[in-house]
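These notes are about the structure you will find just below.
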Amino acid sequence: MTHPPKPDWDPLAAEVQADPRAAVDALRERCPVAFDRSGTATVLRHADVLRVLHDPATFSSAVSAHPAVPNGYDPPRHTAYRRALDPFFAPQRIRHFGPQCRRLAVRTVQEALTLGDVDVGRELALPFAARVQSAFLGWPELIQDELLDWLQRSHAATRSGDRQQTAAVAREFEAFVERVRDARTGAPPTQDISTELMHVQIDGRPLDLRELSSVLRNWTVGEIGTIAASVGILLHWLATEPDWQQRLRDEPTLLPAAIDEVLRRDGPLPANRRVTTRAVELGGRPLPAGTRLSLNWIAANRDPRALAEPDCLRLDRDPALNLLYGTGIHVCPGAPLARLELRLLMEEVLIRTKSIALPAGHTPTRAAPPDAGYAQLRIRLR
Ligand code: HEM
């Protein structure tokens, strides 16, 4: 077989962009490891994605020339980074952040209630996600607007495919981190998480500016979009399935399982990357060394071979099968924080409203990759 082989699909085709979920469902059945024109192979089946996740020696995360801490590394470097960074998401820290996170959820819902019809992304989900991440890091509120603004420009740069523009936006974030760092130089590590991060030791030295910048980018801009997409998916679900609204108002303890299951069925994060380190066969296809892979979480989490009746919302599924937060050595370290903020926001929405609905005549539009969830979604909270 010549490489790259003839493309199996076009991720930019109009029908894929219009309904990415349906497109990857169909592709998974037709061609479980599918090449596109760029030579990237998309991996769509649950079993194949699991195989990749559990074999980092063959399927490396070193996909980019830019340092990405910890996600762009393989063991042993990756192990050292995770050992140093995972304690920031330890259970007692997340518990400690709970009351502050709850206050931000209350404020967000109260503000939304004054608006009538809410533009979910712009007026609720993005501000909430930015507020929570900034508060978690100990950043002042002022920075949130700057962060949101930067996020929008970063998205535009990525979409444009213009490398110079992307590099310029990345440099801006480094300058921003430099300011965060300078403002904390000499402060005790107990001051806030950002200060503590500056004291983290790796190989007996603190993180350098590029590492610090990469970690903070992962903990902010990397995740604000995913959290915001999750909020949109969850609110759309509540608005369109009133029986569930009632059930959760009656039994709020079901929320954690329901949130994970809704986001399995309708994933907020399209994909992550790997590269093969040797020739290997995957899903019946030979892949030479150096093949770029895109692990499609949305398709894998809707694979009927692993999850019977994938469109059916079931709270009794085996949680280990849900790949929402990944699995293996790169499993999402921020999952406890994400679960906390999504649960508190949904609790507050349900407590503070009698009805969550789509405004009459409004038809939401889906986001296209690299985003997920909704591009346009309006909700009426009463
Ligand atoms: C609903 C929200 C979120 C979802 C669905 C999500 C999903 C994921 C997934 C699937 C991975 C595995 C990627 C891979 O195997 O290549 C991952 C990794 C990661 N996530 Fe999350 N995430 C979320 C929120 C967060 C938050 C809030 C943070 C931090 C504040 C975070 C930080 C990270 C980091 C640093 C990694 C890389 C870990 C590594 O490579 O070892 N995530 N996330």
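Work from the charge dipole of the chain (Cβ charges, +1 for Lys and Arg, -1 for Asp and Glu, about the Cα centre) and give the residue of Thr58, His96, Leu137 farthest towards its positive end.
Towards the positive end, the residue furthest out is Thr58.
Accessible area per residue of the chain at 1.4 Å probe, in Å²?
Values: 17620 Å² over 382 residues.
That works out to 46 Å² for each residue.
Going toward the positive end of the dipole of the chain, with +1 on Lys and Arg Cβ and -1 on Asp and Glu Cβ, which of Ala360, Gly161, Val120 do you reach last?
About the Cα centre, the residue reaching furthest to the positive side is Gly161.
Starting from the 7 Å offset along Cα-to-Cβ, what nm value, one decimal, do you get for the label separation of Asp19 and Ala167?
Result: 4.2 nm between the two label points.
Roughly how many whole Å is it from the C-alpha centroid of the range 136-200 to that of the range 336-382?
The two parts, judged by their Cα centres, are 27 Å apart.
When a/c is below 1.5 the answer is rounded, else prolate if a/b is larger than b/c, else oblate, so apply that to the range 125-232 with a ≥ b ≥ c taken from the square roots of the Cα gyration tensor eigenvalues. Could you put the intermediate results ahead of the total?
Details: a/c = 2.02, a/b = 1.35, b/c = 1.49.
In terms of gyration-tensor shape, oblate.
Using the Cα centre of the range 18-381 as the reference point, and only Cβ charges (+1 on K/R, -1 on D/E), how large is the resulting charge dipole? Debye, rounded to the nearest 20. Kindly include the intermediate steps, with their values, before the conclusion.
On the way: 46 positive and 44 negative charges, 97 e Å.
Roughly 460 debye, rounded to the nearest 20.
I'd like the FRET efficiency for Ala26 and Glu309, computed as 1/(1 + (r/R0)^6) with the beta carbon distance as r and R0 of 22 Å, rounded to 0.05. Please list the in-between numbers first.
Values: r = 17 Å, r/R0 = 0.79.
Calculated transfer efficiency: 0.80.
I need the shape label for the range 295-382. Rule: rounded when a/c is under 1.5, else prolate if a/b > b/c, else oblate, with a, b, c from the alpha carbon gyration tensor.
On the way: a/c = 1.79, a/b = 1.49, b/c = 1.20.
Judged from the Cα gyration tensor, the range 295-382 comes out prolate (a/c at least 1.5, a/b above b/c).
Carbon and sulfur together cover what percent of the accessible area of the range 88-236 at a 1.4 Å probe radius? Display every interim value, and only then the final one.
Details: 3690 of 6980 Å².
Here it works out to 53 percent.
How many nm is it between the label spots at Arg95 and Leu254, if each spot is 7 Å from the Cα in line with the beta carbon?
Spacing of the two 7 Å Cα→Cβ label points: 2.8 nm.
Can you give the extra length, in nm with one decimal, that the chain gains between Val106 and Asp55 once fully stretched, where that is 0.36 nm per residue apart less the Cα-Cα distance?
Working: separation 51, 0.36 × 51 = 18.36 nm, distance 4.26 nm.
My answer for the length gained is 14.1 nm.
Residue by residue through the range 107-119, which ³J(HN,Hα) values in whole Hz follow from phi under the Karplus form 6.51 cos²θ - 1.76 cosθ + 1.60 (θ = phi - 60°), with glycine and proline marked x?
Rounded to whole hertz, the list is 4, 4, 5, 4, 4, 5, 5, 6, 8, x, 6, 10, 7.
Take every DSSP beta bridge whose two residues both sit in the chain, then give the antiparallel share in percent to the nearest 5. Write down the numbers at each step before the final one.
Numbers: 22 of 25 bridges.
Antiparallel bridges make up about 90 percent of those DSSP assigns within the chain.
What is the distance in Å between the Cα centroid of the range 256-274 and that of the range 39-116?
12
Give me the percent relative contact order of the chain, please, defined on Cα pairs under 8 angstrom at least 6 residues apart. Intermediate values should be presented prior to the final figure.
Details: 555 pairs, mean separation 99.4, N = 382.
Computed over the chain, the figure is 26 percent.
Let me understand the range 244-329 better: what is its radius of gyration from the alpha carbons, and its Dmax, in angstrom?
Spelled out, the Cα radius of gyration and Dmax of the range 244-329 are 16.4, 54 Å.
For Leu207, what residues show an amide H to amide H distance below 5 Å, using hydrogens built from the backbone and excluding near sequence neighbours?
Sorted by chain and number, the residues that satisfy this are Val200, Ile202.
Give the share of C-alpha pairs in each 10 angstrom bin for the chain, from 0 to the last occupied bin, in whole percents, shortest bins first.
Calculated P(r), rounded to whole percents: 5, 22, 33, 27, 12, 2, 0.
The values are calculated or read from the model by the stated rules, or taken from the named source; none is laboratory data. Source: prediction; values computed, not measured. As a convention, Cβ positions derive from the backbone with ideal geometry for all residues, glycine included, and neighbour counts pool all protein chains shown. Calculation scope for accessible area: heavy atoms of the full protein, side chains included, ligands and nucleic acids excluded. Shrake-Rupley method; radii C 1.70, N 1.55, O 1.52, S 1.80 Å.
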